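Report on one structure; see the data block that follows.
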Ligand SMILES: Nc1ncnc2c1ncn2[C@@H]1O[C@H](COP(=O)(O)OP(=O)(O)O)[C@@H](O)[C@H]1O
Ligand SMILES: [Mg+2]
């Protein structure tokens, strides 16, 4: 009996010790569980107050955390979202059920790229930038999103966390910067082009002024010997009774006049031009120039018609001498455009209904101008005539510019040319 009692006591003692161990074990576990709960609460608190919109799903893709910032971003309270699965968390973002970044952690890169405009796989998860249409009450916003897996102590995935940040401001700033850069580049391009143009004009001007002074010197030097030749021819004519000589002398006289005209052109081109503006009777000047052109080309059968669509008393502010030079040059060209020395020339003045300017057109039905030559017309020394100086239109262009007017050409080979000169009526005060 005593043996039995002894065994029982022994057994009892063992039980007590096991019981003690169990109690300590339970206590440890309790402590561990409390620690875990505390840790979980701390984590929930941290997530709750993170400045970025953040949510967490567990292994079964059910929402276990939905923080304050994401409530504000989506307008959906955590009570409505906690415990929800089947992609319910995507509805506040896209208005439909679809995977979000945190569902794509294990999906191949190409598949992710099909859904996100910018996506990058990082060591600890995925990073993406995308426009989300439904957040902020349907206003939508550009966001960046970051998704990362959460592991337990044994390295097993226990869930996934995703953080989302509104980057609309940054995107807008980037767009503004891009726009600024583009407009700056465009402006820069325009400025460079303008600079190049000015540089070219300067080079041209320098070139022209060099040509101008050379032309002036040559013209000046030729003038005296020419005058001497003319006087000599005159004297020979007076003294000689030989009638055979008369036609030769006339020829000398004619050629001297031609040379004189060329010299005048050269001098006129090279002279520094200043306009003396006064009120001029433009119709009277034009008429005078037409008459003298008809005298110069008296052998030519050219029908000259002057049309006037404005008041005859229309005066403009201009330099009368320069106007004569302008009209003479244009009339000469028009007469010289008739290879058969016959044709029709219309001179038309339009001013009705335009208080600011008048337009004078010289329309011939002469040989016309080759389209390739049109842009060279005002270049100094451009001529298609065997005896031309190629300075007439250069001078005309200068004169028109001095008057702040414009000169345009329309021409068709074999059909004729129209030169339109527009001149302001008044002098603009600067
Ligand atoms: N009305 C016109 N019809 C045909 N060609 C013209 C006319 N006006 C000017 N041109 C062309 O423009 C060129 C330049 O004219 P211009 O500067 O007056 O010099 P030039 O008369 O000495 O040749 C002429 O040689 C001619 O080829
Ligand atoms: Mg000419």
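The values are calculated or read from the model by the stated rules, or taken from the named source; none is laboratory data. All of these numbers come straight from a predicted model, not from anything done at the bench. Reconstructed Cβ throughout: ideal geometry from the backbone, glycine too, with neighbour counts over all protein chains shown.
If you check 328, 372, which single one turns out to be closer than 30 Å to residue 210 by Cβ and within 16 Å of ligand 2 (Cβ to nearest atom)?
On the way: 372 fails: within 16 Å of ligand 2 (Cβ to nearest atom).
Answer to the selection: 328.
Being within 16 Å of ligand 2 (Cβ to nearest atom), within 24 Å of residue 216 (Cβ to Cβ) and surrounded by fewer than 16 Cβ atoms within 10 Å (Cβ to Cβ), is that true of even one residue in the range 387-404? Quick ask: steps written out before the conclusion?
Taking the range 387-404 as the starting set, the residues that turn out to be within 16 Å of ligand 2 (Cβ to nearest atom) are 387-400.
Now drop any that are not within 24 Å of residue 216 (Cβ to Cβ), which leaves 387-400.
Narrowing the set further to residues that are surrounded by fewer than 16 Cβ atoms within 10 Å (Cβ to Cβ) leaves 387.
Scanning the range 387-404 turns up at least one residue that is within 16 Å of ligand 2 (Cβ to nearest atom), within 24 Å of residue 216 (Cβ to Cβ) and surrounded by fewer than 16 Cβ atoms within 10 Å (Cβ to Cβ).
Between a first residue in the range 365-388 that is closer than 10 Å to residue 337 by Cβ and a second residue that is within 8 Å of ligand 1 (Cβ to nearest atom) and part of a loop (DSSP other than H, G, I, E, B), which pairs have beta carbons less than 7 Å apart while being 6 or more apart in sequence or on different chains?
366/337; 367/337
How many residues does the range 338-368 hold that are surrounded by 13 or more Cβ atoms within 10 Å (Cβ to Cβ), within 16 Å of ligand 2 (Cβ to nearest atom) and more than 15 Å from residue 420 (Cα to Cα)?
So the answer is 3.
Any residue that is assigned to a loop (DSSP other than H, G, I, E, B) and either within 30 Å of residue 317 (Cβ to Cβ) or in contact with a helix residue (DSSP H, G or I) (Cβ under 6 Å, 6 or more places away or on another chain) (or both) - is there at least one of those in the range 368-378?
At the first step, the residues of the range 368-378 found to be assigned to a loop (DSSP other than H, G, I, E, B) are 368-370, 377-378.
Still in the running and either within 30 Å of residue 317 (Cβ to Cβ) or in contact with a helix residue (DSSP H, G or I) (Cβ under 6 Å, 6 or more places away or on another chain) (or both): 377-378.
Yes, the range 368-378 contains at least one residue that is assigned to a loop (DSSP other than H, G, I, E, B) and either within 30 Å of residue 317 (Cβ to Cβ) or in contact with a helix residue (DSSP H, G or I) (Cβ under 6 Å, 6 or more places away or on another chain) (or both).
Taking the condition within 14 Å of ligand 1 (Cβ to nearest atom) and farther than 20 Å from residue 304 by Cα, does residue 353 pass?
No, not satisfied.
Sort out for me the strands (runs of 3 or more DSSP E) sitting completely within the range 102-206 that have 3 or more residues that are closer than 25 Å to residue 40 by Cα.
141-151, 157-166
Somewhere in the range 301-315, is a residue surrounded by 12 or more Cβ atoms within 10 Å (Cβ to Cβ), outside the structural domain of residue 209 (by TED's automatic domain parsing), part of a helix (DSSP H, G or I) and at pLDDT 90 or above?
no
Rundown of residues vs (1) more than 14 Å from ligand 1 (Cβ to nearest atom); (2) within 42 Å of the chain's Cα centre (by Cα); (3) outside any loop (DSSP other than H, G, I, E, B); (4) in the same structural domain as residue 279 (by TED's automatic domain parsing), yes/no style:
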| residue | (1), (2), (3), (4) |
| --- | --- |
| 323 | yes, yes, yes, yes |
| 330 | no, yes, yes, yes |
| 339 | no, no, no, yes |
| 347 | no, yes, yes, yes |
| 358 | yes, yes, yes, yes |
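Considering each of 152, 124 in turn, give the residue that is touching a strand residue (DSSP E or B) at 6+ places or on another chain (Cβ under 8 Å) and without any contact (Cβ under 8 Å) to a residue 12 or more places away in the chain.
152
Is the range 418-425 home to any residue that is at pLDDT below 95, within 13 Å of ligand 2 (Cβ to nearest atom) and out of contact with any helix residue (DSSP H, G or I) (no Cβ under 7 Å at 6 or more places or on another chain)?
Scanning the range 418-425 turns up no residue that is at pLDDT below 95, within 13 Å of ligand 2 (Cβ to nearest atom) and out of contact with any helix residue (DSSP H, G or I) (no Cβ under 7 Å at 6 or more places or on another chain).
Based on what the data block shows, is residue 230 surrounded by fewer than 18 Cβ atoms within 10 Å (Cβ to Cβ), more than 29 Å from residue 379 (Cα to Cα), modelled with pLDDT of 85 or more and outside the structural domain of residue 396 (by TED's automatic domain parsing)?
yes
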